[in-house]
Structure formats: structure tokens, C-alpha cells
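K.L.:
First, the structure itself, so that you have it in front of you.
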Amino acid sequence: MTASTLGVLMLLVLGWAVISERLARWNITAPLVFTLTGFLLANPSWGVLPLDVEAPQVHLLAELTLALLLFSDAARVDMTLLRRNLRVPGRLLGIGLPLSVILGSLAAALLFNDFTWALAGFIGAALAPTDAALSAQVINDARIPMRVRLALNVESGLNDGIVTPVVVFMLSVAADQLGVTDSDHDATVIRPLLELGIGIVVGAVIGLGSAKLIALGSRRRWMLSGGRRLAALTVPLSSFALAVTVGGNGFIAAFVAGIAFGAALPRDMADRDKVSELPELVGEVLSFGVWFIFGAALVPIAFEYFSGWTLVYAAVSLTLVRLLPVALALLGARQDGATVLFIGWFGPRGLASVVFALLAVEELGQSEIVGQAVSVVTFTVLLSVILHGMSAGPLGSRYARQHGDNAKADGGPRARRQIHR
């Protein structure tokens, strides 16, 4: 990414910050804006801004962004509140997520005969996690019962970290099946498991140790104003970098670090909820760049390898592959049909899927079959950005009118403030 591209991107971020509320009233989301501007300004066919999807800094930007958001989402989940409302998010993560991966993989294998089982599995796993940014209007709408917003928020905050090992494993096997790597079969299976283990250890050690150090410095008044937030920013970055350095999975390390960090911070620490603000804000700013790259580099690939089956898969992925697992997961959870459909629809695909697509390009190269797989993931995300972004406001308002009377009974203002992002 050149200085000119970065400069234009920062000006776009400034412009978005100034008019974001106005655009939100028209159901125009940041992912849609930055995807469109990236497609128009940096498209390889006509764009005026140079952008090379294979450039190392492009992949580093995407990977650091996902690491920061994985950490922030995990660190800011209120475990006390979650334990009181665990039934729905627990079912979505423990039952719905695995079913979505399996169903999405089977759909890819059936619709695309040329895909290996690992490549189909990659598509199913890459499109399983959801993104709260595309349904922010729903999650932040206090008229909607808190239990519903909490379920959607916790699901989107944790499912990308949970599914990451599956994505990495499928990419490793797919690289072996496509002849991209020269490693033997045993190494193909063992290496992702080893990376997972190292990532867990590194993340747990850094997350727990950092929380203890910040608590000690805060308690003894060693830290300057803002020092805790600055220290928190180093946790996902250091855990990601160290894990990669020693051969581990940086995403898992950042995710586990977030869980350990959030759990180890003292409950009575002053401004505890603000400690993780900086990693979240930096991750949000970087995510605008990832959406710009998505429009500039991946959307053209989606159109280049587009076919009717691509559209069929995207439609199936956003409906059947999401709605059926949610419905099965919530059987016996005492949720009415409208709530099940509401939660099922608001499973937008977003930034994690974009980063996974970029990882596929990095790991598997740009052959025709890989281009088709990336096209499927990209087009599904693009369709989700449009449909979920524009339907969040209207459908959220309609659901609130029907079920909003239950919002006060779900915990009141204090509980609502504890829902992050």
C-alpha cells in the first residue's frame, strides 16, 4: 500500500467519522462505503490508486486488524452478564456454529464439483462467523430485548476466534491437496494442531500476565493517565507477533489473550470498561482499510470468477446455512418463532471472512480453482454487506415494536450499557 493510497484512505476515514450518523439514518454502513470506494478508486482495471493484493503489508494490515478485533471482542465480554444469559449465546456457539460450518461445507461440495473437500471445508468455515458491525443498529437499539442483543453480540464476538483453527486447518490440507506445498501428509495435519497449541499458550500467558501487571501498576499508581489503555493495546499486538515468531497461530493467541485479559482484570478497577477501548478503536480504524482492500482486490476477483452457482451459494449461505442451524440450536430455548427468525437473519458475514479470503490467496496462490473459492466467499460477504446493512434499521424497528415491551425486564439501563460495540 503506497503513501498516496494510505493518505486517501485516511481522508475517507475522516469523512466517514464526520457524517457517519447521517449515513446511518439511511442504513448506509461503513463496510459498504469503504468497499465501494475501494472498488472505484483502486480497482486493478481502472483504479487511480495502486494496490497489490499480494503485497506483504496488505496481508499484515488485514491480519493485525483481525487480531485486534478478536482480542477486543473477547476481552470486553461481560462474563457476569453472560452467565445470567448464557442459554441462547451458548447454544448459538456450541450447536449453531458447528452446524453452520458443516452445512456450508456440504453446500460448497455439492454446488462446486471441482472443489476438494478441504477447499469446500474452508468456504464453510470462512463464512460461518458473523460480524456485529453490519448489525450495529440492532445491537445498539435499546428497544430490542437485551437478551436478543446480547446473544447476537456475544455470538459475533466469539465465533470468529472459535472457527479460526478450522479455517487454518482446512487451508493447510487444501494446500497439500492442490500441490501448493511440498510438506508430507503428517506435517499437514500436525502443523495446524501445533500452531493452535502454541497460540493458546502464548495468548494465555501474555493475556494473564499483562492484566496482572496493569492491575499492579494501577493499584500502586505507577501509571500515567491513559497508560492502561496504551498497555492494553500492546497485548494483542505482542501476543500475535510472539505467537507467529515461535511458530504458533497469531489469531488464536490474540483471541485467547483477550479472554485471559478480560477475566484477570480486577472487577473493582477504576474505569475497567475503558481499558480495552484503544485496541478496539485502532482495530476499527484498521478495519476501514481492510474493507477498502476488500473492494479493491477481492471484489474484482469475485466478478472475474462469478457464475450462477456463486449466486446460488451466496443466497443459500445467507439463508438456509444460517437459519437452519440457528433454529436447531434454539430448540427448547423457549424462543418464539419471530425471535428465532430475527436472530437467524442477523448473522451477517464480515471482516473475519474477508481476512480468511486474503489468507487463502496468500496460502494457496491465485489458480483458477482458488479464484473460484475466493469468489464464493467474497460474493457472499458482498451480498451480506448490502442486505444486512440495509435491513438492520427497518427490521430492527419492526421487531422492537413487537417485542420491545420485554426490554425493561431484561436488565434495564445498566445491563444495556454492558453490551459492547
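The values are calculated or read from the model by the stated rules, or taken from the named source; none is laboratory data. Owing to the predicted nature of the structure, the values given are computational and were not obtained by experimental measurement. All Cβ positions, even for glycine, are placed from backbone atoms using ideal geometry, and neighbour counts span all protein chains on display. Each accessible area value is taken on the protein alone, full model and side chains, heavy atoms only, with ligands, DNA and RNA left out. Shrake-Rupley method; radii C 1.70, N 1.55, O 1.52, S 1.80 Å.
K.L.:
Could you give me the ³J(HN,Hα) list for segment 27-38, computed from phi with Karplus coefficients 6.51, -1.76, 1.60 and θ = phi - 60°, whole Hz, x at Gly and Pro?
P.N.:
6, 9, 9, 4, x, 5, 5, 6, 5, 5, 5, x
K.L.:
To the nearest 10 square angstrom, what accessible area does Glu284 show with a 1.4 Å probe?
P.N.:
The accessible area comes out at roughly 80 Å².
K.L.:
Same structure, new question: What number, rounded to the nearest 500 deg cm²/dmol, is the helix-based mean residue ellipticity at 222 nm of the chain, given -39500 (n - 2.57) per DSSP H run of at least four residues and division by all its residues?
P.N.:
Mean residue ellipticity, 222 nm, calculated: -24000 deg cm²/dmol.
K.L.:
Moving to a separate point now. Summing +1 for each Lys or Arg and -1 for each Asp or Glu, what net charge is found among the other residues whose Cβ lies under 13 Å from the Cβ of Gly248? Show your work: numbers first, answer last.
P.N.:
On the way: positive: Arg191; negative: Glu195.
Value of the local net charge: 0.
K.L.:
Work out which chymotrypsin sites (Phe, Trp or Tyr not before Pro) in the chain are exposed loop sites (DSSP not H, G, I, E or B, at most 13 other Cβ within 10 Å) and give the longest gap free of them.
P.N.:
Numbers: sites that count: Trp26, Trp46, Trp222.
Free of exposed loop sites, the longest segment is 223-421.
K.L.:
Just add up the charged neighbours of Gln372: K/R +1, D/E -1, any other residue whose Cβ is under 11 Å from the Cβ of Gln372.
P.N.:
On the way: positive: none; negative: Asp114, Glu304, Glu368.
Net charge in that neighbourhood comes out at -3.
K.L.:
Averaged per residue, what accessible area in Å² does the chain show with a 1.4 Å probe, protein chains only?
P.N.:
Details: 17930 Å² over 421 residues.
Using a 1.4 Å probe on heavy atoms only, each residue of the chain averages 43 Å².
K.L.:
Mind ranking Arg91, Arg143, Arg25, Arg83 by accessible surface for me, highest first, 1.4 Å probe?
P.N.:
Working: Arg91 60, Arg143 120, Arg25 145, Arg83 165 Å².
Largest accessible area first, the residues go Arg83, Arg25, Arg143, Arg91.
K.L.:
Let me ask you something else. Using a probe of 1.4 angstrom, how much of the accessible area of segment 240-378 is carbon and sulfur, in percent?
P.N.:
Values: 3120 of 4830 Å².
Carbon and sulfur together cover 65 percent of it.
K.L.:
Set the Förster radius R0 to 25 Å, insert the Cβ-Cβ distance between Leu281 and Arg191 as r into 1/(1 + (r/R0)^6), and round the FRET efficiency to 0.05.
P.N.:
Values: r = 34 Å, r/R0 = 1.38.
That gives a FRET efficiency of 0.15.
K.L.:
Tell me the label-point distance for the pair Val246, Ala338, using the 7 Å Cα-to-Cβ offset, in nm and rounded to one decimal.
P.N.:
It works out to 5.3 nm between the two label points.
K.L.:
Using the basic label-point model (7 angstrom from Cα toward the beta carbon), what is the Lys212 to Ser397 distance in nanometres?
P.N.:
Roughly 5.2 nm, to one decimal.
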